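Note sheet for the following structure.
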Amino acid sequence: MSWPYRYETGVAHYDRAKAFAGYTLITPFPGRSASKPGEVPGRVYLIDMTGAVVHSWTAPYPVWYARLMPDGNLVAAMRRSTPDIPDRPGFDAYHMGGAHGQLMDFDWGGNIVFEHFDPGMHHDFRRLPNGNYIYVGWEKVPPDLARKVRGGQKGTEHKDGTMFCDFYREINQSKQTVWEWHGIEHFDPDVEIIGAIHPREEWTHVNDVDIMADGNLLSDSRHTDGAFIIDRSSGEIIWRWGNVAYLDPDTGLVEHRDVRNPDNMGGPHDGHEIAPGLPGEGNMLIYDNGMYNYMSRALEVSIKTNEVVWQSEDAFGIEGYVRGRVHFSPFISGADRMPNGNTVITSGGNGVIFEVTNDRETVWHYTRPYPNMRTEVRWGIFRAHRYTPDYCPQFKNLTPAEGVLV
């Protein structure tokens, strides 16, 4: 499902003068097999710039994805099977990519300090500064509304005709729901149109949730090929960008924009606001999987002007197209902006993480070692994150982020 790599595993290239030295959190991507507690443990690794593991965590279920918190805790989403829950979204008859259901918060030593299970939970989550957690989940689209949803591959709903859509749920430390947002109440069938290459088993397929500096939510929809912002107070969608499919007002037909246009995306992931203090702050950074033209790239987009201000690959240049093909990953993946202006990119389907300068020079390249084929997707990494050497107090006891010269 991605472009084949022949690089050696581990760190194959490291320009110490140009790369941003930090610690990178890596989670081997789990396969569809889910387990009973302890049967197939999940593992998360923190590596230095040479690829050496400086810390790790073990979880009771296969870990889909994890984030490190400023207090040194690790919050992880895990794929947990539940044979006693029939018709669960993401599993069995309703299989969809991204299902997990189990959220856990571990301290630095690996002790569980919080856990929560929601059978509809999928893809992304955040732990908020107030200690609450927010995550994405699935729910069924009412049949009358599902019939109004435009686009997608005809007849690809689930076998019983079911279509799912996304919701966001925020819970507190007591696991009480304190805020919810439901896509079926806010998405517009005439605007949120499924791209021609996607199935109709889901309307939107949100794969990330980012809390912006102003408190609003920035996310992207793989199936509608676009990113959007939710006003937290009103619930209204106040910004959209990147969608390929649109409704022609003159003909009433669904049309598709030129996919070679850098302002369009194909099945994106990891849309988020660049944090205050980082180069490009306030802009959106997103991974365009490039599912229409088989070329993946990281994009920086001005939310104020809707203009692409930087991309890791040139959508039209020959050199950029070749690079984008080499890094092509039609699913998962992401990108992070570093304090020095570099961008760390996860080409998830290849199990590759690489760092590029603003001039697109590759200054660090890592390929994930060969996985356990029984429990993991070959090479896959859903998303990785690079953290500064002073990100959390526990880092001061680790070996230097730059690694130790042999």
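Out of curiosity, is Gly235 touching a helix residue (DSSP H, G or I) at 6+ places or on another chain (Cβ under 8 Å), part of a loop (DSSP other than H, G, I, E, B) and open to solvent by less than 30 Å² (accessible area, probe 1.4 Å)?
In short, yes.
Looking only at residues that are among the aromatic types (Phe, Trp, Tyr) and open to solvent by less than 30 Å² (accessible area, probe 1.4 Å) in the range 85-112, which one is farthest from Lys175 (Cα to Cα)?
Filtering first and then ranking leaves Tyr94.
Within the range 184-191, is there a residue that is open to solvent by less than 30 Å² (accessible area, probe 1.4 Å) and out of contact with any Pro (no Cβ under 6 Å at 6 or more places or on another chain)?
yes
Can you give me the number of residues within the range 363-406 that are modelled with pLDDT of 95 or more and among the β-branched types (Val, Ile, Thr)?
3
Could you please give the count of residues in the range 129-179 that are farther than 13 Å from Arg200 by Cβ, touching a His at 6+ places or on another chain (Cβ under 8 Å) and among the small types (Gly, Ala, Ser)?
Matching residues across the range 129-179 total 1.
Does any residue of the range 177-194 turn out to be under 23 Å from Ile345 (Cβ atoms) and either part of a loop (DSSP other than H, G, I, E, B) or in contact with a Cys (Cβ under 6 Å, 6 or more places away or on another chain) (or both)?
No, the range 177-194 contains no residue that is under 23 Å from Ile345 (Cβ atoms) and either part of a loop (DSSP other than H, G, I, E, B) or in contact with a Cys (Cβ under 6 Å, 6 or more places away or on another chain) (or both).
Note down all Cβ pairs under 8 Å where the first residue falls in the range 334-356 and is over 24 Å from Gly277 (Cβ atoms) and open to solvent by less than 10 Å² (accessible area, probe 1.4 Å), the second is among the charged types (D, E, K, R) and outside any strand (DSSP E or B), and they're at least six residues apart or on different chains.
Sorted first by the residue in the range 334-356, then by its partner, the pairs are Gly348/Arg383; Gly351/Arg368; Val352/Arg368.
Touching a residue at least 12 places away in the same chain (Cβ under 8 Å) and assigned to a strand (DSSP E or B), is that true of Leu145?
No, not satisfied.
Just to verify a result, which residue in the range 210-232, among those that are part of a strand (DSSP E or B) and either open to solvent by 20 Å² or more (accessible area, probe 1.4 Å) or aliphatic (A, V, I, L, M) (or both), is nearest to Asn293 (Cα to Cα)?
Ala227
Could you tell me which residue of the range 113-133 is least open to solvent (accessible area, probe 1.4 Å), considering only residues that are of a type in the set (A, V, I, L, M) and more than 17 Å from the chain's Cα centre (by Cα)?
In this case the residue turns out to be Leu128.
Any residue in the range 204-218 that is free of Cβ contacts under 8 Å to residues at least 40 places away in the same chain, touching a strand residue (DSSP E or B) at 6+ places or on another chain (Cβ under 6 Å) and within 29 Å of Lys148 (Cβ to Cβ)?
Yes, some residue in the range 204-218 is free of Cβ contacts under 8 Å to residues at least 40 places away in the same chain, touching a strand residue (DSSP E or B) at 6+ places or on another chain (Cβ under 6 Å) and within 29 Å of Lys148 (Cβ to Cβ).
Among (1) within 20 Å of His198 (Cα to Cα); (2) open to solvent by 50 Å² or more (accessible area, probe 1.4 Å), where does Cys165 come up short?
If we test Cys165 against (1) within 20 Å of His198 (Cα to Cα); (2) open to solvent by 50 Å² or more (accessible area, probe 1.4 Å), just (2) comes out false.
Return a yes/no flag: does the range 258-274 have any residue that is open to solvent by 40 Å² or more (accessible area, probe 1.4 Å) and either hydroxyl-bearing (Ser, Thr, Tyr) or modelled with pLDDT of 95 or more (or both).
For the range 258-274, residues open to solvent by 40 Å² or more (accessible area, probe 1.4 Å) and either hydroxyl-bearing (Ser, Thr, Tyr) or modelled with pLDDT of 95 or more (or both): absent.
Could we say that Met284 is open to solvent by less than 40 Å² (accessible area, probe 1.4 Å) and farther than 17 Å from Asn358 by Cβ here?
Taking the combined requirement at face value, the residue does not satisfy it.
In the range 85-118, what count of residues is obtained for those that are assigned to a loop (DSSP other than H, G, I, E, B), more than 23 Å from Val206 (Cβ to Cβ) and not acidic (Asp, Glu)?
At the first step, the residues of the range 85-118 found to be assigned to a loop (DSSP other than H, G, I, E, B) are 85-89, 91, 96-98, 100, 107-111, 118.
Now restrict to residues that are more than 23 Å from Val206 (Cβ to Cβ): 86, 107-111.
Next cut, not acidic (Asp, Glu) only: 86, 108-111.
Number satisfying all stated conditions: 5.
Is there any pair with a first residue in the range 264-282 that is under 14 Å from Val344 (Cβ atoms) and a second that is open to solvent by 10 Å² or more (accessible area, probe 1.4 Å) and of a type in the set (Val, Ile, Thr) whose Cβ atoms are under 8 Å apart and which are 6 or more apart or on different chains, and what are they?
Sorted first by the residue in the range 264-282, then by its partner, the pairs are Gly280/Val309.
Tally the residues that are in contact (Cβ under 8 Å) with a residue 24 or more places away in the chain and among the polar types (S, T, N, Q), restricting the search to the range 243-260.
Count: 1.
Among the residues of the range 60-84, which ones are open to solvent by 10 Å² or more (accessible area, probe 1.4 Å), closer than 15 Å to Asn111 by Cβ and either part of a strand (DSSP E or B) or modelled with pLDDT under 95 (or both)?
The answer is Pro60, and nothing else.
The values are calculated or read from the model by the stated rules, or taken from the named source; none is laboratory data. Just so it is clear, the structure is predicted and the values come from calculations on it, not from any experiment. We place every Cβ from the backbone using ideal geometry, glycine too, and count neighbours over all the protein chains shown. Ligands, DNA and RNA are stripped out before the accessible areas are found, and what is left, the full protein with its side chains, is counted by its heavy atoms. Shrake-Rupley method; radii C 1.70, N 1.55, O 1.52, S 1.80 Å.
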